[in-house]
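Undergrad: This is the structure I want to talk about, given as structure tokens.
The values are calculated or read from the model by the stated rules, or taken from the named source; none is laboratory data. Worth saying up front: this structure is predicted, and the values here are computed from it rather than measured. Note that we place each Cβ from the backbone using ideal geometry, even for glycine, and neighbour counts take in every protein chain shown.
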């Protein structure tokens, strides 16, 4: 009886006749799976002065570390619209490479170039030079540039440098062109200044320490907000936490400590509020003709505090725009 019931059930299998037409793959092609071009001797062959050279727009990526070769840059970029993912790998220079860069633009009027996610160190020139020949619209993101003989990162007009570390370079750590933005970046122990930007730029949430010249240096119409600059200038009288060499800048909420000069403002019509300076040889050096919140020497508490409050302020001012020495 059971066999009869089971036999009466409808069949559940699919049709045995295949659909018309040729058999095709249901998977992705290699190009679809990795829609980028690997940087290698086949896809991006170098020339007389480069290990690899990119000559077409597109997305490129490293598949391994690159070691410098005598008399050659690491990667040359000769096209606009190029994005390079270092893919976490390391471009390591060599003394035999000479005065050449790890990554460099090598054609006139390039635009829209990005380099991200890796390490570039020990090159005889700059770690990254994307400023030569007038590059516009550079992005350098999450890159570590260490121990290069000249600058760490040089970006052109309207560039973005974010999430980077520039340390122990022989020139400036970061050198950005007009209209650039530098954010969430560390400049440490560079032989020039930590972060240098041209007019109309923004520097926010950066840390610049132990650089031989200035922590941050700006010219005109810049925003410098919420940065920490410490121990710049080497005590030789030639470095400031923040150096303002021009006009119409907005300098707010920065901390400058243990430099030759904490805040050094040489221009006019600058707006300077809510900054703090401490332990500098001279905390404030500000030329005439600037708009400044009051500079207050903050007091200190005279007894230990173990309380849920209220506790009286020791700052000496309730002005919301006050600058403080402490």
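Undergrad: Scan the range 73-98 residue by residue and report those that are closer than 15 Å to residue 146 by Cβ and crowded, with 24+ Cβ neighbours inside 10 Å.
TA: Residues satisfying the conditions are 74, 86, 91, 93.
Undergrad: Another question, if that's okay. Picking from 266, 270, which residue would you name as being over 17 Å from residue 176 (Cβ atoms) and surrounded by 19 or more Cβ atoms within 10 Å (Cβ to Cβ)?
TA: 270
Undergrad: Every residue in the range 137-165 that is surrounded by fewer than 24 Cβ atoms within 10 Å (Cβ to Cβ) and in a strand (DSSP E or B), please.
TA: 137, 139, 141, 142, 144, 146, 157, 160, 162, 165, listed by residue number.
Undergrad: Now, a different point. Could you list all residues from the range 166-188 that are surrounded by fewer than 24 Cβ atoms within 10 Å (Cβ to Cβ) and either free of Cβ contacts under 8 Å to residues at least 12 places away in the same chain or in a loop (DSSP other than H, G, I, E, B) (or both)?
TA: 168, 170, 171, 177, 178, 179, 184, listed by residue number.
Undergrad: I need the full set of residues from the range 199-232 which are assigned to a loop (DSSP other than H, G, I, E, B), at negative phi and over 15 Å from the mean Cα position of the chain (by Cα), in order please.
TA: Residues satisfying the conditions are 199, 211, 212, 213, 214, 219, 220, 222, 232.
Undergrad: Follow-up. Out of the residues in the range 91-131 that are assigned to a loop (DSSP other than H, G, I, E, B) and touching a strand residue (DSSP E or B) at 6+ places or on another chain (Cβ under 6 Å), state the one that is farthest from residue 76 (Cα to Cα).
TA: 122
Undergrad: Whether any residue in the range 233-248 is touching a strand residue (DSSP E or B) at 6+ places or on another chain (Cβ under 6 Å), modelled with pLDDT under 95, in a loop (DSSP other than H, G, I, E, B) and over 26 Å from residue 183 (Cβ atoms) is what I want to check.
TA: Looking for residues that are touching a strand residue (DSSP E or B) at 6+ places or on another chain (Cβ under 6 Å), modelled with pLDDT under 95, in a loop (DSSP other than H, G, I, E, B) and over 26 Å from residue 183 (Cβ atoms), one finds none in the range 233-248, hence no.
Undergrad: Tell me which residues, restricted to the range 85-105, are over 17 Å from residue 38 (Cβ atoms) and under 21 Å from the mean Cα position of the chain (by Cα).
TA: 92, 93, 100, 101, 102, 104, 105, listed by residue number.
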